[in-house]
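One structure below.
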Amino acid sequence: MTDFDAALTTVDTRTEIETPENVTLSFNLAGPGSRMSAYLIDLLIRVAVFWGLSTALTSLIPVLGGGLPIGGLLLGMFVLEWGYSTLFEAFWRGQTPGKRVYGLRVLKDAGYPIGFYDSVLRNLLRAADFLPFGYGAALVCMTATGRLQRIGDLAAGTIVVRDVRHRFERHTELFEKLEPIQPTECSGTFAVSERTLDTIEQLLARRERLPKRRVEELAEILARPVAAKLGFVLDDDPQIDRHEHFLRRVLRTFAMTPGRDAA
Amino acid sequence: MTRDQFITRRQQHWRRFENLVAEAEEHRRVRLSGDEIAELSALYRALCFDLSLVQSRDWGTSLSRYLNGLVARGHNTLYRSRPGSLMTVVDFLTTGFPKLLRANAAYFLLALALFVVPGAISGTAVCYDPSLAGRILSGGHQAMMESMYADSVSESLGSDDEMAEGRSIMAGFYVRNNVGISFRCFALGAFAGIGTMVILVYNSIALGTITGFLIGRGHGDNFLEFVIGHGSFELTAIAVSGAAGLVLGHAMVHPGRLSRREALIERGMVSVKLAIGAAAMLMVAALIEAYWSPSPHVPREVKLVAGGLLWLLVIGWLSLAGSERLAGLTAAARQAESGTGTESGTGTESGTGTESGTAESPTSGSRAAHSASDEREPAE
């Protein structure tokens, strides 16, 4: 499918890459907002480094004379202007400090790390992307391509992705001690899809970070259809976490392999 | 197998994989032992299987997101390219770059024409009628130029210390200014090559006018004495960066048998290498221009001779380094079987060049371009 077709079918910030192992990996593309923010952080860093460099070098003028310090400062400006992003992205696994703050990373469009030439190319072409002012060309180009690429990205074959580390933790302690639901308690289908169980697990995993009442509100939204499908009658027990409690029992019943104790 | 059993059974492998990848990510060069690398790659393949299983069974987003992230990190680690070394830099600058430039000679000649012809015309006109210079240069600028070149640099004023101070400042200035111009000249080629052409013609007319003006006012010999040395690297490098921009622009306008996107990626790699070569040349030029060209201790004759030699050096390096003709002198016998003729390749054909073979010593222009395009493949 070409990017154009993709853009017609879905407007999405995900992109899929097929690896040589025939697995489809999906990446979250970074949009103009986070990339601009990362750019501004980098800009601040560059200004700060320039300020530090000029202060340090001017203080050397009485010792060394004007020549070397000022020449060095001009050279430093050159490196900050053209080399900052290039060198960081080439030697710091596709990230600049700004990109790191926002969890962005530059990758080749086949999903592997960028090389030195890729980095030079995409960063030199900033001069074209910047035109007519404030990265106007980049913005137009990004909206016109399916994978949010600016001109430099197109030429270097790179994409910028959100590099979020997802963790996977089970919270069996939340339900393993509970009493399973018995088939006799239910009048409907005695099964819950793995996907629903996963959603319940994700909600319970977040319970420490949410107010108790909110957890119960969300639990109710989840619990009603699950209970309806099972044909389980939720009692009118005034207990504050009755829906949450029910969901835990659902996990205990369906998410644990029969006969297995806590792993 | 239920999701629960699956997780229980596989989780320890995922943890192990996560640790190994984290270890590998720490360093640019992988510091894992052979056994660990074998383990990593085995775990990676198993993980790929796990991910497709989770995806096909719809076992929930938290699990597939987690495994997706792990596979992505593994993919990223296992498929990264070999880190470069100092030798690759040296090889590129001594032979790789000239070969690549010759493979794209047509672009270079076009850029050269754009950079020379407008300047030659305006320069000739201004030379015969210096008053025309006012159309390009302001009066103040003209006066400054004239005072700068009124005397031979060898006899010009200024104590030695002052000169020395100014030189280092100028070295920094030339690097920032000239390399900046050449990078911009290259990058603006992304707009169908038009930006590159504008910059080449603009600079050509400006330089041509200054040259013509100074010759017309009778300061030509002082000017030549100053510019002949660094001009070799500097002027050639601007034309090279122009060629790089045109390569990029041409890929957009006329991608040939590839899609525009593919053409841009393929030719982009060539163009950026040319731009890097041009930048390296300009840094050499900046050193010459700052420390040698204005030196009052070197007599004019020496500068002219040295300047001439520098031109020969640049021309010889760009047209011969790494070439068949040069290699032929040293190892004629070994080259006998290749006999693909003299360099051709207007650049557009380079991707479709001769079959690869053992490319230890690329012999013709098109072969050179071929090996250059090979280099961009990820080292797996």
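Please tell me if A:Ser26 is closer than 17 Å to A:Lys108 by Cβ and at pLDDT 80 or above. So A:Ser26 fits the description; yes. Inside the stretch B:236-268, residues that are of a type in the set (A, V, I, L, M, F, W, C), farther than 20 Å from B:Arg184 by Cβ and crowded, with 18+ Cβ neighbours inside 10 Å make up a count of 2.
Any idea how many residues of the stretch B:60-97 are out of contact with any Leu (no Cβ under 8 Å at 6 or more places or on another chain) and under 23 Å from A:Glu169 (Cβ atoms)? Before you say what the answer is, go through the steps one by one.
So in the stretch B:60-97, the residues out of contact with any Leu (no Cβ under 8 Å at 6 or more places or on another chain) come out as B:61-63, B:65-66, B:69, B:73, B:79-96.
Next, only the ones that are under 23 Å from A:Glu169 (Cβ atoms) stay: B:61-63, B:65-66, B:69, B:73.
The total comes to 7.
Scanning for something closer than 20 Å to A:Glu173 by Cα, out of contact with any helix residue (DSSP H, G or I) (no Cβ under 9 Å at 6 or more places or on another chain) and not charged (D, E, K, R), does the stretch A:227-241 turn up at least one residue? No - not one qualifying residue is present in the stretch A:227-241. Would you please name the residue that is surrounded by the most Cβ atoms within 10 Å (Cβ to Cβ), looking only at residues in the stretch A:115-138 that are at pLDDT below 90 and within 21 Å of A:Gly31 (Cβ to Cβ)? Once the filter is applied, the top-ranked residue is A:Leu131. The set of residues from the stretch B:284-318 being within 14 Å of B:Arg167 (Cα to Cα) and either modelled with pLDDT of 90 or more or not in a loop (DSSP other than H, G, I, E, B) (or both) comprises B:Ala285, B:Ala286, B:Leu287, B:Ile288, B:Glu289, B:Ala290, B:Tyr291, B:Trp292.
Looking only at the stretch B:25-63, which residues are assigned to a helix (DSSP H, G or I), among the small types (Gly, Ala, Ser) and within 11 Å of chain A (Cβ to nearest Cβ)?
Within the stretch B:25-63, the subset assigned to a helix (DSSP H, G or I) is B:25-26, B:34-57, B:61-63.
Imposing the further condition that a residue be among the small types (Gly, Ala, Ser) reduces the set to B:34, B:38, B:41-42, B:46, B:52, B:56, B:62.
Once the filter is applied, which keeps residues that are assigned to a helix (DSSP H, G or I), among the small types (Gly, Ala, Ser) and within 11 Å of chain A (Cβ to nearest Cβ), the stretch B:25-63 yields B:Ser41, B:Ala46, B:Ser52, B:Ser56, B:Ser62.
Name every residue in the stretch A:150-175 that is assigned to a loop (DSSP other than H, G, I, E, B), out of contact with any Asp or Glu (no Cβ under 8 Å at 6 or more places or on another chain) and either away from chain B (no Cβ under 11 Å) or of a type outside the set (Phe, Trp, Tyr) (or both), in order of residue number. The answer is A:Asp163, A:Val164, A:Arg165, A:His166, A:Arg167, A:Glu169, A:Phe175. Selection within the stretch A:84-114: residues that are small (Gly, Ala, Ser) and closer than 21 Å to B:Gly277 by Cβ. The member of this set that is modelled with the lowest pLDDT is A:Ala90. Scanning the stretch B:42-96 for residues that are in contact (Cβ under 8 Å) with a residue 60 or more places away in the chain and closer than 30 Å to B:Ser319 by Cβ yields B:Phe92, B:Leu93, B:Thr94, B:Thr95, B:Gly96.
The values are calculated or read from the model by the stated rules, or taken from the named source; none is laboratory data. The structure presented is a predicted model; accordingly, all values stated were derived computationally and were not measured. Positions of Cβ are generated from backbone atoms using ideal geometry, with glycine treated the same way; all protein chains shown enter the neighbour counts.
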